[in-house]
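The values are calculated or read from the model by the stated rules, or taken from the named source; none is laboratory data. Here the structure is a predicted model, which is why all the values come from computation and not from measurement. A quick note on method: Cβ atoms are made from the backbone with ideal geometry, for glycine too, and the neighbour counts reach across all protein chains shown. All accessible areas refer to the heavy atoms of the entire protein, side chains included, with ligands and DNA or RNA removed. Shrake-Rupley method; radii C 1.70, N 1.55, O 1.52, S 1.80 Å.
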Amino acid sequence: MTDWTSALTGDERIIFTLRSLYARYGYMPYRMSKFEEYDLYGKNKEFLVSDSVIAFTDVGGKLMALKPDVTLSIVKNTRDGDGHKLYYNENVYRVPKGAHAFREIMQVGLECIGELTQCDICEVLWLAANSLDAILPDFVLDVSHLGLTAAALDSLSVADDVRDSLLKCIGEKNTHEIAALCSESGAPEEKKNALLELISVSSPAAEAIAELEALAEVFGARDAVEELKRTLRVFDGSGFEDRIHVDASVISDMNYYNGIVFKGFLRGAPGSVLSGGQYDRLMKKMKRSSKAIGFAVYLDMLERLYDDAQPFDADLMLICPPDTDPAVLRRTLDRLIGEGKTVRTAEKVDPEFRAKSVAKLENGEVIPLE
Amino acid sequence: MNDFLNVALPKGRLGEKSYEIFARAGFPCDALLEPGRRLIFENEDAGVRYFWVKPSDVAIYVERGAADIGVAGKDILLEYEPDVYELRDLGIGKCRMAVAAPAGFRDDTRRTLRVATKFARIASRYYASIGREIDIVHLNGSIEIAPILGLTDVIVDIVETGTTLRENNLEVRDTVVPISARLIANKASMKFKTDAIEKIAREIVKGGSV
């Protein structure tokens, strides 16, 4: 059987590895059109990473968009009430944060939609960790529970705009501004201090859970911490324990997400390369009765991680004079390629082309050149 | 390169003050303050490497992981909203983002207010919060002359002492937000160089800089 791996680029290798991982866990491939009705994104702009969408009018006059996101389409196009375990690799089109132009971004991910049992949530988290491990074993998966974050914010009894600012500060681990906002808005001192403690939690799950259990009492969030604790048990004895961190600064838009949320980091990549969570609230907004959890791996973040550069462009540069007999050339190439060599033919030596060796085809013979 | 803690410092007085805080916190690199045009300095013993960069670029270096930590003004963080952790308020480089107008200016609310600024996002957010319709004129410098020449009605800009405003017959009308220098960290670096970054953040607090 032909070994294709040497012909694959770094991101192709990752895509195939992840697809194979998800398929082994019974997830089904999901293919979709590049286009979607614009209205879907217009109604759910906050769910998108950026609110810029490439829109166009199709032949029937309908306003369409090049897909900026996959999850919304999957939710829209799958039948409600049924259980779905799906994976995809799709290009999305959006303006990345901090950029000034649209980019085509390859995204690989999975969605688990349905009743959503504890086992489903554990499985998705397990697959997220395995996805990172398959790309680079030097990873950290940060996990949190939005129920805990919401309870902490509720306990402060602050106005909605202050609450929004506090949520942003939690994501930035911005303790000085949290302290200032809480003081200005008269939040109870005990709750403020507990919130500051909460966002300083960032350690392997075994250590962090004990800290969270104490804080859960202050915020009345015992259920959320219990669920987080139960979910993280999927990693017991896995060898991943040190790489799974509980970090309360992992946040997502609470209008769409609830429950477990997570972000994955790889050494050498400047930001999170994997992002996911439970999004029952999005399902509800889209009038679906099912629950759902999923994640995406952003391949654009991985470009700099793998080095596809080869020292040579081919094993051999074969110089063929203009009068070379085509049948002789074909037979020679068949033989060389059959021996496992990569061969570039040229009429004369191309100094830009990096070949391991150079040879000349003369009277049917391959004569090495200096 | 990766074993070092890479620190982006803003060129100029704020960067020098920031470096003093880092040095006091146990991360000295005296060569940094020597005159010359070098931009990168290392102290192998302390495991730290400093870069001088343009103040408005610090957040970009940190967000994209070229620097693990850096010192950036709150104005830059509010304007560009980089995806970074904001770990400490260093309490230096204190100033404010303010609305300034020619002395005696009276806001005619029947008209769209024309605002000159380098900080379009901060200005838009501020006026949205008070429900005032504005027309932003984005300028890159000499903002103060915009109202004098009738280009705009007011400006939104950083005010330190107010001397430049006074010399141009402008006065502060409102404070948009107080500004100071912040210690920021790359989100991925925080996972993989946790000890070094937390040590700096802790030492900065101990050193009484905040």
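What to note about this one:
- For B:V137, the residues 5 or more places off, or on other chains, whose built amide H falls under 5 Å of its own are B:V115, B:A116, B:T117.
- Of all lysines in the structure, the ones whose alpha carbon falls short of 29 Å from that of A:K341, not counting any fewer than 8 places away in one chain, are A:K356, A:K360.
- Filtered trypsin sites (Lys or Arg not before Pro), segment A:87-166: DSSP coil and at most 13 other beta carbons within 10 Å: A:K97
- What the Cα convex hull of the protein assembly as shown gives, in volume per residue, is 248 Å³.
- Dividing the Cα radius of gyration of chain B by its Kirkwood radius returns 1.05 for Rg/Rh.
- Computing FRET efficiency as 1/(1 + (r/R0)^6) for A:K45 and B:A46, where r is the C-beta to C-beta distance and R0 is 35 Å, gives about 0.15.
- 3J(HN,Hα) couplings calculated from phi for segment A:356-365 with the Karplus curve 6.51 cos²θ - 1.76 cosθ + 1.60 (θ = phi - 60°) are, in sequence order, 4, 8, 10, 9, 10, 8, 9, 6, x, 10 Hz; Gly and Pro show x.
- Degrees between helix A:175-184 axis and first principal axis of chain A (Cα, 0 to 90, nearest 10): 30 degrees
- Across every pair of non-identical alpha carbons in segment A:231-370, the mean reciprocal distance, once inverted, gives a Kirkwood radius of 20.7 Å.
- Once all protein chains are placed together, A:W126 keeps about 50 Å² accessible to a 1.4 angstrom probe.
- Straight-line cross-link partners of A:K76 among the lysines, defined as a Cα under 18 Å from its Cα and at least 8 positions apart when in the same chain: A:K34, A:K43, A:K45, A:K62, A:K67, A:K85, A:K284, A:K285, A:K287, A:K291.
- Across segment B:95-177, counting alpha-carbon atoms alone, Rg and Dmax equal 11.4, 32 Å.
- With the alpha-carbon atoms of segment A:248-298 aligned to their principal axes, the span from lowest to highest coordinate is 41, 20, 12 Å, starting with the largest.
- Less than 5 angstrom separates the built amide H of B:V177 from those of B:M97, all sequence-distant by 5 or more or on a different chain.
- Alpha-carbon Rg with Dmax, taken over segment A:63-176, Å: 17.9, 47
- The string of couplings for segment B:4-21 from the Karplus curve (6.51, -1.76, 1.60, θ = phi - 60°) is 6, 8, 8, 10, 9, 10, x, 4, x, 4, 5, x, 5, 5, 5, 4, 4, 5 Hz, one whole number per residue in order, with x for Gly and Pro.
- Karplus-based coupling profile of segment A:257-263, in residue order and whole Hz: 9, 8, x, 5, 10, 7, 9, with θ = phi - 60° in 6.51 cos²θ - 1.76 cosθ + 1.60 and x standing for Gly or Pro.
- Stokes-Einstein D for segment B:77-130, Kirkwood Rh over Cα pairs, 10 °C, 1.306 mPa s (µm²/s): 113 µm²/s
- Peptide A:168-179 shows a mean partner chain C-beta count of 5 within 10 Å per residue C-beta.
- Beta bridge orientation in the protein assembly as shown: antiparallel %, DSSP, nearest 5: 70 percent
- For chain A, the residue among A:M106, A:A194, A:G276 whose Cα projects farthest onto the positive side of the dipole built from Cβ charges is A:M106.
- Helix B:194-206 axis, angle to chain B major axis (alpha carbon atoms, nearest 10°): 70 degrees
- Taking segment B:95-177 and dividing mean pair separation by its residue count, relative contact order in percent (alpha carbons under 8 Å, at least six apart): 49 percent
- Peptide B:190-198 has a mean shielding of 4, counted as Cβ atoms of other protein chains within 10 Å of each residue's Cβ.
- For B:K118, the aspartates and glutamates whose Cα falls under 12 Å of its own Cα, not counting residues fewer than eight places away in the same chain, are B:D75, B:E79, B:E144, B:D157.
- Cα-derived Rg over Rh, computed across segment A:314-369 with Rh taken as Kirkwood radius: 0.92
- In this structure A:L181 has an accessible area near 30 Å², from a 1.4 Å probe over the protein heavy atoms.
- The GNM of chain A, with springs linking C-alpha atoms under 10 angstrom apart, assigns the highest mean-square fluctuation among A:H100, A:H145, A:H245 to A:H100.
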